[in-house]
Every structure is written in C-alpha cells, then in structure tokens.
Amino acid sequence: MNFDKNSYIDKAVEMDDKRIHYREYRDILFVDKPIDDIFHRLNIYVPLSFYDGQSINGYNINNAPIFIPNSVGGYFPGYIQEVSESYTIRQALLHGYVVVSPSIRGKTLKTKNGKNYGKAPACIVDYKAAVRYLRSFSSSIPGDTNKIITNGTSAGGALSCLMGVTGNHPDYDDYLYEIGAADGDDSVFASSCYCPITNLDNADMAYEWQFNNIYSYHRGFYKKTDDNKDEYVSVDGKLEDSRINISKDLSAMFPDYINSLDLKNEKGESLTLDKYGDGSFKDYIKSVIINSAQNALEKGIDLFEYNWIKIKNNKVIDIDFFGYANSITRMKDAPAFDDINMRNLENDLFGDEDNDYAHFTEYSTFHSTVNGKKANEQIIKMMNPMYYINDEKAVTAKYFRIRHGECDRDTSLAISAILTLKLKEIGCCVNYSSPWNVPHSGDYDLDLMFKWIDSICK
C-alpha cells in the first residue's frame, strides 16, 4: 500500500443549485494482503478549493476533519460510495470536510470455493484498517488525521460505535495482521451513530421487554415487480404460542441484565428494574420519549391524537409505556435477533468460513430448533461495544453522537440508552436523543450532525 498524492482526478458534480468541485484519490489499497480485488480499497474526496489555499467554514487542507461514513447495512458488504451517488458526501464536501469512503467486507461474501470471508469480525477489522492506513500516510493525506469522525446507520451505526470504543485494542490485532493492515493507531476522534443495531447478545431481551405483551407484528419490505419497479409489501401477523413463551422468557431475563450493569443517571441515581420489568430504568426510558414528545410539541406538532401521552399546560408530563410500544407497533418475531431457526440477518453475521449461520446467545443456542451451534465467544465480544467501554486496553473516543428515532422498531430504545449511559459513565461527551416520529433511518439531520462536528473540532 502507498499514497501517491499526484494520482488524482479533479471533478465536479451538481447538487441543487450548487456545483461541487473536488479532488478524488481513487481506488486506494489500504492493506498489503487484500482478500480480493474489490474490498480493502477506499476513495478520498477533498474540496478542490483547498488546493488553491482557500478555506471553507474555517477548514483548510491541513485542519479539515476527516469524515469516514460507511455504507454498511444489515451487516451486508459496504461498498465505496461515489460523490455523485451520496448526498451525505456531497454535503460534507460543501461543509469543508475531507471525506473518505472505504469498502468493507460483509457477511454474504464467498470465495470461488464457497468459503465465507466476510463474517464477523471482518467488517470492523476493515474499518480499523482504513483508519490505520490514513494515519500511516498522515504527512501526505489531506485533512487532520487527529480529527477522524466515523458515521453509519443501523449495522453501520454499530460499526461506527465500535470504532469509537475499541481503538487500538489488541483483540483485533491478529485479524489486522492477517490482511496486512498498517501498524499503528486505529482510534478515532468521534463517532456518529444512527440507530445502531448493537449489543446483539442482549438485544433479544431488550426487545421483548419493550414490546412485552404485544404479540402482533407489522413489518414491510420492498420487492421488485415484474417490470423491475420497487413495490412495498406489508406483512401483518401474530406470534405463535411457542414464540409468545419465548417472548415471556426473554422479557423476564432483561431485569437481571440491566441490574448487572450498575447504570446511573446524570444525578448519580441507580437505574434498575424489578422482576416485573418496572423501575427507575424504565422511568429513564420514558423520560427519553417524553423529551422527544416535548420537543415535537414545542415545534408545533399536534400530539393530542396520541392517547398514551399526558399533556398538561402545553407540557408533556408522562406517557403510558405500553401505549407507546403498542402505538409504534412491534416489527419482529421472537427472538428478534438470534432466531431459534437461525434465519435472522444477525445469525448470518456470526457464521464462520464453512458455516453460513450461528447462534450468539445462550438462550437461542439452548432452544435451537436446527441444532445450531454458538459462535466463538471472542468474536461475539468483538462485535459488541459494551465489552470495551471500561477496558483500559482500548482508546475510547471522547465524543459520540447517537440518534435512535422515537418510532424505530428495529431494536429496543433501551439498547441505545444503555450504550449512552455507559459512555457517559466513563466521561465521554455523548450527544443523544430520540427524534420524534423518526423510524429506522440515518443521515436525516445532516445540518445538526455537521454542527456537532464543528462544535467538537473548532
């Protein structure tokens, strides 16, 4: 691997009424032993005016933050994003950031011999290798390699968070060595995480706790029609009796997990649950939703149709938690992540070279209907940021921005809240909120995200 600062193309792209001029360093190999010809490569995009000595928003060729969004979703492969196809990248360039777009292996990749080579932890290893590459050539790379900010949505949000909490941890060294990653620093300055699908080995319990006693589900997906158009298909159903029993089991297990974390709010008060799933932690989650509703109310959004919200004197004073969960509706069967039939997206993530699927929780392994095996414990750990937050071997980013939409049903709101509380506990600055009426999605508030980046970089 190398960086040739003279190998570039100057380009321009139209966006709305603006013309964005940028310099593109293309298809750069960021490891010495790549698995194939597609992955382990990245593009670097730089505002062209930087090379004329100009600045944008106070940033120049030397001090501009390096923004590294990933394109991973569902733990599928994430490919290099072109400026012309990414609104986020175009906006970031207009704002004065250097943008790096890496390719990242995903769970569905196979060799010609049918061997898997994108299962966990390949995705986070590739992300780390890209950061190590940038640091190795920091004297030539445009932008400030001390101000690297990751960004992602869903599984990509989980990877962004992992980058923030696992910097330089030796758990990943052997995997990085295997692909010929550069030696050195893979920590990052800040992580932006939209609706992170994370803490997977505890997410089933959290999901059933939130949707306790709600046994009908509603989900949708897009499929191609005969004339190659995208058609939205809605699926409604009810949990079978066996799945209801699973839901009850997992919900009842969640309080022990919460109480084991020794969570505290900003006042230092303990956040716990009793055996029925009630308590101060539930009150904390309610407060996140109440704040979201209050912000919506102050923006003039009519909330009086939501009978689970209690409003007095134009202030949201309480919510009915069951009413909230019932209102946004359940999306997934039980278990939501580690399916006992091993048919969920996350089961596919934890396969290995020879096996497409694996379990990643004790509960589903014990109740497996397909004699499924549990994934390697170390690999399960490496995909969960919670295990690294208090690990002295890890370099943790100081800044995190976490967004989990108020009506996001892909994972429990408890998951992002737990993550936030533990990060704050060790002194991280966490900008966390649950935007009103926002489903499972990302990059919907770029102006606010860039404002946050500017506030921590300038």
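Given the conditions (1) in a helix (DSSP H, G or I); (2) at pLDDT below 95; (3) polar (S, T, N, Q), which single one is not true for N259? Every listed condition holds for N259 apart from (2). Would you be able to say whether some residue in segment 5-28 is within 23 Å of the chain's Cα centre (by Cα) and either part of a loop (DSSP other than H, G, I, E, B) or at pLDDT 95 or above (or both)? No, segment 5-28 has no match at all. For segment 332-341, the count of residues that are in contact (Cβ under 8 Å) with a residue 12 or more places away in the chain, β-branched (V, I, T) and out of contact with any helix residue (DSSP H, G or I) (no Cβ under 7 Å at 6 or more places or on another chain) is zero. Checked against the criterion of being without any contact (Cβ under 8 Å) to a residue 40 or more places away in the chain, within 26 Å of D171 (Cβ to Cβ) and open to solvent by 20 Å² or more (accessible area, probe 1.4 Å), segment 397-416 has no qualifying residue. Take the residues in segment 137-166 that are among the hydroxyl-bearing types (S, T, Y), farther than 22 Å from C195 by Cβ and touching a residue at least 24 places away in the same chain (Cβ under 8 Å); name whichever of them is surrounded by the fewest Cβ atoms within 10 Å (Cβ to Cβ). That would be S140. Taking the listed residues R409, R401, the one that is closer than 24 Å to W436 by Cβ and part of a loop (DSSP other than H, G, I, E, B) is R409, with no other qualifying. All conditions in (1) without any contact (Cβ under 8 Å) to a residue 12 or more places away in the chain; (2) under 20 Å from A92 (Cβ atoms) hold for D37, with the sole exception of (2).
Consider segment 35-82 and keep the residues that are hydrophobic (A, V, I, L, M, F, W, C), surrounded by fewer than 21 Cβ atoms within 10 Å (Cβ to Cβ) and in contact with a strand residue (DSSP E or B) (Cβ under 7 Å, 6 or more places away or on another chain). The one that is nearest to Y194 (Cα to Cα) is I80. Report, by residue number, each residue of segment 245-271 that is farther than 13 Å from E208 by Cα and buried (at least 18 other Cβ atoms within 10 Å of the Cβ). Correct list: I258, L263, L271. I'm checking my understanding of the structure. Among residues of segment 344-380 that are assigned to a loop (DSSP other than H, G, I, E, B) and free of Cβ contacts under 8 Å to residues at least 12 places away in the same chain, which one is least open to solvent (accessible area, probe 1.4 Å)? Here the answer is N344. For the condition within 26 Å of F337 (Cβ to Cβ), part of a loop (DSSP other than H, G, I, E, B), open to solvent by 10 Å² or more (accessible area, probe 1.4 Å) and modelled with pLDDT under 95, what is the one hit in N437, N390? Step by step, each of N437, N390 is checked, and only N390 is within 26 Å of F337 (Cβ to Cβ), part of a loop (DSSP other than H, G, I, E, B), open to solvent by 10 Å² or more (accessible area, probe 1.4 Å) and modelled with pLDDT under 95. Residues that are under 20 Å from S103 (Cβ atoms) and out of contact with any strand residue (DSSP E or B) (no Cβ under 7 Å at 6 or more places or on another chain): does segment 181-190 have at least one? Checked segment 181-190: at least one residue is under 20 Å from S103 (Cβ atoms) and out of contact with any strand residue (DSSP E or B) (no Cβ under 7 Å at 6 or more places or on another chain).
Can you work out which of the residues in segment 231-244 that are in contact with a strand residue (DSSP E or B) (Cβ under 7 Å, 6 or more places away or on another chain) and open to solvent by 70 Å² or more (accessible area, probe 1.4 Å) is modelled with the highest pLDDT? Among residues in segment 231-244 that are in contact with a strand residue (DSSP E or B) (Cβ under 7 Å, 6 or more places away or on another chain) and open to solvent by 70 Å² or more (accessible area, probe 1.4 Å), the one modelled with the highest pLDDT is K238.
How many residues does segment 75-131 contain that are part of a loop (DSSP other than H, G, I, E, B) and more than 20 Å from the chain's Cα centre (by Cα)?
Selection size over segment 75-131: 10.
The values are calculated or read from the model by the stated rules, or taken from the named source; none is laboratory data. None of the values given here were measured: they were computed from a predicted structure. Counting neighbours? That spans all protein chains shown, and the Cβs are built from the backbone with ideal geometry, glycine included. These accessible areas exclude ligands, DNA and RNA; they are computed on the full protein's heavy atoms, side chains included. Shrake-Rupley method; radii C 1.70, N 1.55, O 1.52, S 1.80 Å.
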